[in-house]
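Here's the structure, in structure tokens; my notes come after.
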Amino acid sequence: MPSFDSQRIKLMDTVSVNPPRAIIGDTGIIIKDQSSFYYNQHDNASFSSCLSCSSSNSNGTVKSSGPKHIPFVDILSVRYINENNESLLEAGSSTVTSDEPDVEVVFVRQKGKTLVPTPIILSIDTLGHDDVVQEIWRLSYQGTKPRKSILVLVNPHGGKGKAINSFLTQSKPVLIGAQASVEVRHTQYYQHATDIARTLNIDKYDIIACASGDGVPHEVLNGFYQRSDRAEAFNKITITQLPCGSGNAMSESCHGTNNPSFAALSLLKSSTVNLDLMACTQGDKTYVSFLSQTVGVIADSDIGTEALRWLGPSRFELGVAYKVLSRSRYPCDISVKYAAKSKNELRQHFDEHSTIVSTKDIQITEDTYNLKYDPNGPIPDDWEEIDKDLSENLGIFYTGKMPYIAKDVQFFPAALPNDGTFDLVITDARTSIARMAPTLLSLDQGSHVLQPEVQHSKIIAYRLTPKQQHGYLSVDGESYPFETIQVEILPGAAKTLLRNGTYVETNFY
Ligand SMILES: Nc1ncnc2c1ncn2[C@@H]1O[C@H](COP(=O)(O)OP(=O)(O)OP(=O)(O)O)[C@@H](O)[C@H]1O
């Protein structure tokens, strides 16, 4: 792998005879004078997509009107440079004497649908700051660490084989532009990410970024969970996703996008937040889930239609529609420990917890992973059995911890990152098609949970035993044995990155 320096994005042939003068403003860098700013129009990383050009001369350089304001949120990196456009540090000098030193600022601009790192040379008025470069770094990375050390796990099969290209062309340039230390590994077999996470030297990295669908983060979390020093690993390393797979619920919910370049910027700028996990036990095996567990229509339509994978995401919608229309039912025994059972109680819980933005570092200890409920013992007295009339006629059983399960599908619009609960959605297979249709059609808005046909609760734990011989149980989109499962919340058991310290807003707010 090339070193970080050799990967560094090339400073374009900017002619900085007189770099534009700029000052540090409240929300970004304000460029005062753009008349002397030129750039090379033939450079790949040119400003052509974003700046309006006013004139062109014979040697190919274009006089540009340039940006007037570069918001701190868009700034990736900054460094002092000398008259030869070399970094002062690289040129062996770290002394800045000028009142208006030349600096190179790398920021993101949108080119088509992608964010592209774009360098600009500016002469910045120090306005009394001892070190303007340090000051710009500070303002550009408030609440988070700059120059992060990131291990990227790319699933070469993810996103129908497009993951590597998506990562290389869209995410990586943004991370490199931010002077992050980026180590890339390709997963080579099913559950390789679990093996990597279980044996990783945790001192080397701040973040594991899964350039994949939701399967690889599921594996990384389980690799950590299997470590003897798991509390240390979960405390030390933040786990996030760069959306390069077919199902990117983690990025949709945490970064608010399924675009790998926007997610990379979000990764750089977001706060680290504790995330509740769900401990799932089957027999003597316990694993962790960050997204969902499902039995019934949704599991059948996701895992049960693997053979129709060539249809892409539409196989899922077709599967759901078919199963609902045919009123498929999935009898189970289900007992639940509720946190907020009725819709009114749930609304109250949501209103109380959604305003608490927890960006403080909550220490994870080994106790965090102690199960409170014996998965193989009798059902505790304070759990409630779901009425047999409903559980014998189950249509959808779906529990979730993140609001978006796919682009534009807010299946769990009331999900919160660390409220110590997860959401349960249940439907009755006998519900008439006329009444189910509006429910399914309102998934994009998340308003299905308000329909009377849908039971929606906040829960702490449950046990589910399927009564059929064959069927599908999906955990975070992966297939698990179709047998009894007991699940309980593990409050704040992992760390992830969230824009503004919370999930993307849904229509439930
Ligand atoms: N090199 C590999 N060969 C085979 N399987 C792999 C490889 N790398 C990762 N996997 C498996 O691919 C599965 C799906 O991964 P992921 O969620 O990242 O992709 P995806 O594009 O969303 O795919 P899917 O549509 O299958 O969910 C995971 O179970 C993971 O173990």
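Reported count of residues in segment 133-178, each being among the charged types (D, E, K, R), within 16 Å of the ligand (Cβ to nearest atom) and in a loop (DSSP other than H, G, I, E, B), is 1. Scanning segment 179-197 for residues that are on the phi > 0 side of the Ramachandran plot and within 14 Å of the ligand (Cβ to nearest atom) yields one hit, Gln191. Scanning segment 113-139 for residues that are among the acidic types (Asp, Glu) and surrounded by fewer than 13 Cβ atoms within 10 Å (Cβ to Cβ) returns a single hit, Asp130.
Inspect segment 222-234 for any residue being within 13 Å of the ligand (Cβ to nearest atom), over 29 Å from Gly112 (Cα atoms) and modelled with pLDDT of 95 or more and give the result as yes or no. Yes, there is a match, as at least one residue in segment 222-234 is within 13 Å of the ligand (Cβ to nearest atom), over 29 Å from Gly112 (Cα atoms) and modelled with pLDDT of 95 or more. Report yes if some residue within segment 245-253 is without any contact (Cβ under 8 Å) to a residue 60 or more places away in the chain, among the aliphatic types (A, V, I, L, M) and not assigned by TED's automatic domain parsing to the domain that holds Lys111; otherwise report no. No, there is no match, as no residue in segment 245-253 is without any contact (Cβ under 8 Å) to a residue 60 or more places away in the chain, among the aliphatic types (A, V, I, L, M) and not assigned by TED's automatic domain parsing to the domain that holds Lys111.
Screening Thr257, Thr286, Thr294 for residues that are surrounded by fewer than 21 Cβ atoms within 10 Å (Cβ to Cβ), within 23 Å of Glu488 (Cα to Cα), of a type outside the set (Lys, Arg) and not assigned by TED's automatic domain parsing to the domain that holds Thr114 leaves exactly one candidate, Thr286.
Is it the case that Val216 is closer than 29 Å to Gly112 by Cα, in contact with a strand residue (DSSP E or B) (Cβ under 8 Å, 6 or more places away or on another chain), in a helix (DSSP H, G or I) and within 10 Å of the ligand (Cβ to nearest atom)? Give the derivation first.
Working: closer than 29 Å to Gly112 by Cα: yes; in contact with a strand residue (DSSP E or B) (Cβ under 8 Å, 6 or more places away or on another chain): yes; in a helix (DSSP H, G or I): yes; within 10 Å of the ligand (Cβ to nearest atom): yes.
Taking the combined requirement at face value, the residue satisfies it.
The set of residues in segment 261-310 that are in a helix (DSSP H, G or I), of a type in the set (Val, Ile, Thr) and either out of contact with any Gly (no Cβ under 8 Å at 6 or more places or on another chain) or modelled with pLDDT of 95 or more (or both) contains only Ile298. Selection of segment 378-405 for residues being touching a helix residue (DSSP H, G or I) at 6+ places or on another chain (Cβ under 7 Å) and under 26 Å from Gly492 (Cβ atoms) yields Tyr398, Met402, Pro403, Tyr404, Ile405.
The values are calculated or read from the model by the stated rules, or taken from the named source; none is laboratory data. Small disclaimer: the values here were computed from a predicted structure and weren't measured. Glycine gets a Cβ as well: all are built from the backbone with ideal geometry, and neighbour counts include every protein chain shown.
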